[in-house]
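See below for the structure under consideration.
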Amino acid sequence: MKKKSFSLDKLNIDYNYILVPFSVILVSLIGSFFTQAGLDWYYSLNLPNFTPSGQVIGYAWTTIYTLLTVSILIILTEKRDTKLVKWFILNGFLNILWTPLFFTLHSFEIAFIEIILLNLTTIYLAVKSWRISKLASILLWPYIGWGTFATYLSFCIW
């Protein structure tokens, strides 16, 4: 009697549907770790009166990360543009980097410069995604809006 072997390849799984959400969740968790570590310090600052509550910030980022995940998956499904994927990875790295610069090192100036770079990569992604999928691009617009607001907030705190 011949043994039946099991192979994941036979399931015809597109590993992007596992890897992309996992990667975005990882970016979120790392950023959250640094944010949580610096919250006492953050709330001791003289924050502008338009500073959103932690709950609003949490909802905003949950929405942004969800839309970002869908956008990346659309790009990977429509056209396996590896150059654009590298820009998504750079964006994730910059997204992570901002939190220790701001919440751990308390480096307002460097964090402000860094968040501008983060916003530029997000805008670049939205522009370049447009030619592949208008929907993928539109899903990044809330990220651009929130990033712009966060940049202004960071500047005001600085």
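The values are calculated or read from the model by the stated rules, or taken from the named source; none is laboratory data. Bear in mind the structure is a predicted one, so any value in this text is a computation, not a measurement. Cβ: placed from backbone, ideal geometry, glycine included. Neighbour counts: every protein chain shown. Just so you know, the surface numbers come from the protein's heavy atoms only, side chains and all, with ligands and any DNA or RNA stripped out. Shrake-Rupley method; radii C 1.70, N 1.55, O 1.52, S 1.80 Å.
For the chain, averaging the sequence separation of C-alpha pairs within contact (under 8 Å, six or more residues apart) and dividing by the residue count gives a relative contact order of 29 percent. Summing +1 for each Lys or Arg and -1 for each Asp or Glu among the other residues whose beta-carbon sits under 14 angstrom from that of VAL127 gives +3. If you take all other residues with their beta carbon under 14 Å from the beta carbon of SER137, and give Lys and Arg +1 and Asp and Glu -1, the sum is +2.
Rg then Dmax, both in Å and based on the Cα atoms of the chain: 18.4, 75.
Basic side chains Lys and Arg get +1 at the Cβ, acidic Asp and Glu get -1 at the Cβ, and with that the dipole of region 26-158 about its Cα centre reaches some 620 debye. For the chain, the tally of Lys pairs with Cα-Cα distances below 30 Å comes to 10, considering only residues 8 or more apart or on different chains. Rolling a 1.4 Å probe across the protein heavy atoms gives region 13-90 an accessible surface of 64 Å² per residue. Seen against the Cα atoms of the chain and their longest principal axis, helix 54-78 is set at about 30 degrees. To the nearest ten degrees, helix 141-157 and the longest principal axis of the Cα atoms of the chain are 30 degrees apart.
In square nanometres and to one decimal, what's the mean projected area of the convex hull around the Cα atoms of region 67-150? It would help to have the intermediate numbers written out before the result.
Numbers: hull surface 19.8 nm².
Projected over every direction and averaged, the Cα hull of region 67-150 covers 4.9 nm².
On the beta carbon distance between SER44 and LEU19, with R0 = 41 Å, the FRET formula returns roughly 0.60. Sparsely packed loop sites in region 59-158 (the trypsin sites (Lys or Arg not before Pro) outside DSSP H, G, I, E and B with at most 15 other Cβ atoms within 10 Å) comprise LYS79, ARG80, ARG131.
Can you send over the carbon and sulfur percentage of the accessible area for region 82-152, probe radius 1.4 Å, protein chains only?
Working: 2830 of 3610 Å².
Carbon-and-sulfur percentage of accessible area, whole number: 78.
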